[in-house]
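A.B. asks: Shown below is the structure under consideration.
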Amino acid sequence: CDGELFLGMVLRILMRRADIAIVPEINRLWILKIGSRSTAQFYCIPNRPLEDMLPQLRCEPITRSEFIKNGGSPSCKRFIIYQGVFMPDRCLPELVIGFKSVRIDNVGLILMGGEINEPITRSLYQLAEGDSRIVILPRMAAPSHLAITSGCVGGVLLYKPNRLNNIYCAPNKIYEYAAMG
């Protein structure tokens with residue numbers, strides 16, 4: 001947490017001195033603009049659009065093979081995914097507990113985005129223990145993470161509205177889930 005506070009302080013100092021800020025995504029633009037109170041000119045120059053990636057991802061989702069390769073039950077044929085950073089305000093323990101209480105043997109839950117040695121990831125492993133319908137995958141660099149997402153029937157988004165990052169990233173995640181079907 002101290003590292004996050006330090007980086008936030010450095011960001012605010014740099015943004016106050018900046019004349020121009022170029023951001024690849026409109027929600028990030030608003031987070032920076034509001035959070036930093038900068039007077040810089042902000043420009044959004046997007047990265048490659050998701051539509052450019054769709055044809056190659058639609059042809060062969062690797063979701064099931066990755067699920068099984070990481071210890072998931074072979075009886076799971078449909079998947080629900082959370083993909084994003086593992087943080088306390090993303091309600092991931094509640095998601096695991098809720099999923100474990102519903103017994104549908106052919107549906108798997110994929111949590112993707114945690115660093116293996118982080119305390120939150122270790123606690124999720126403990127919560128999921130004994131249920132092979134739940135698989136935890138490490139963070140995958142974009143756009144490769146979309147190959148997993150494209151093979152899922154649903155995406156979960158449980159952000160607490162307690163930070164600008166959560167508020168402005170939610171529409172982006174919904175778009176990403178929808179774009180992957």
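A.B. asks: Compute the distribution of all C-alpha to C-alpha distances in the chain, in bins of 5 Å from 0, and list the percent of pairs in each, rounded to whole numbers.
C.D. replies: All Cα pairs, binned at 5 Å, distribute as 1, 7, 14, 18, 18, 15, 11, 8, 5, 2, 1, 0 percent.
A.B. asks: When the solvent-accessible surface of protein heavy atoms is calculated with a 1.4 angstrom probe, in what order do 86, 6 fall, highest first?
C.D. replies: Heavy-atom accessible area, descending, gives 6, 86.
A.B. asks: Cross-link partners among lysines for residue 100, C-alpha distance below 25 Å, same-chain residues fewer than 8 apart left out?
C.D. replies: Here the lysines satisfying the reach criterion relative to residue 100 are 69, 77, 160, 173.
A.B. asks: Related question: Name the residues whose placed amide hydrogens come within less than 5 Å of the amide hydrogen of residue 79, ignoring near sequence neighbours (fewer than 5 apart) on the same chain.
C.D. replies: 108, 153, 154
A.B. asks: Something else: Of all the accessible heavy-atom surface of the range 27-181, with the other protein chains kept in place and a 1.4 Å probe, what percent is carbon and sulfur?
C.D. replies: Summing carbon and sulfur atoms, their accessible area is 58 percent of the total for the range 27-181.
A.B. asks: Just to confirm a number: summing +1 for Lys and Arg and -1 for Asp and Glu over residues other than residue 153 whose beta-carbon lies under 11 angstrom from that of residue 153, what do you get?
C.D. replies: In short, +2.
A.B. asks: Let me have the 222 nm mean residue ellipticity of the chain computed from DSSP H runs of 4+ only, each contributing -39500 (n - 2.57), with the sum over all residues rounded to the nearest 500.
C.D. replies: About -14000 deg cm²/dmol.
A.B. asks: If you restrict to DSSP beta bridges whose two residues both lie in the chain, what percentage is antiparallel, to the nearest 5?
C.D. replies: 0 percent
A.B. asks: Related question: Under a plain spin-label model, where a point goes 7 Å from the Cα along Cα-to-Cβ, how far apart in nm are residue 167 and residue 179?
C.D. replies: Going by the 7 Å Cα→Cβ label model, 2.4 nm.
A.B. asks: How big is the gap, in Å, between the Cα center of the range 3-23 and the Cα center of the range 118-169?
C.D. replies: After rounding, the separation between the Cα centres reads 27 Å.
A.B. asks: Okay, next question. Tally Lys and Arg at +1 and Asp and Glu at -1 over the other residues with C-beta under 9 Å from the C-beta of residue 36: what net charge comes out?
C.D. replies: Local charge sum for residue 36: +4.
A.B. asks: Which residue fluctuates most in the GNM of the chain (Cα springs below 10 Å): 101, 65, 144?
C.D. replies: So, out of 101, 65, 144, the one fluctuating most is 101.
A.B. asks: Quick test of the membrane-span-like rule: which DSSP H helices of the chain reach at least 18 Å along their long axis (C-alpha atoms) with mean Kyte hydropathy at least -1.0?
C.D. replies: TM-like helix candidates: 2-17, 164-179.
A.B. asks: Report, to one decimal in Å, the Kirkwood hydrodynamic radius for the range 75-181 based on all distinct Cα pairs.
C.D. replies: For the range 75-181, the Kirkwood estimate is 14.1 Å.
The values are calculated or read from the model by the stated rules, or taken from the named source; none is laboratory data. Since we're looking at a predicted model, the values are computed, not measured. Reconstructed Cβ throughout: ideal geometry from the backbone, glycine too, with neighbour counts over all protein chains shown. For accessibility, only protein heavy atoms count, side chains too; no ligands or nucleic acids. Shrake-Rupley method; radii C 1.70, N 1.55, O 1.52, S 1.80 Å.
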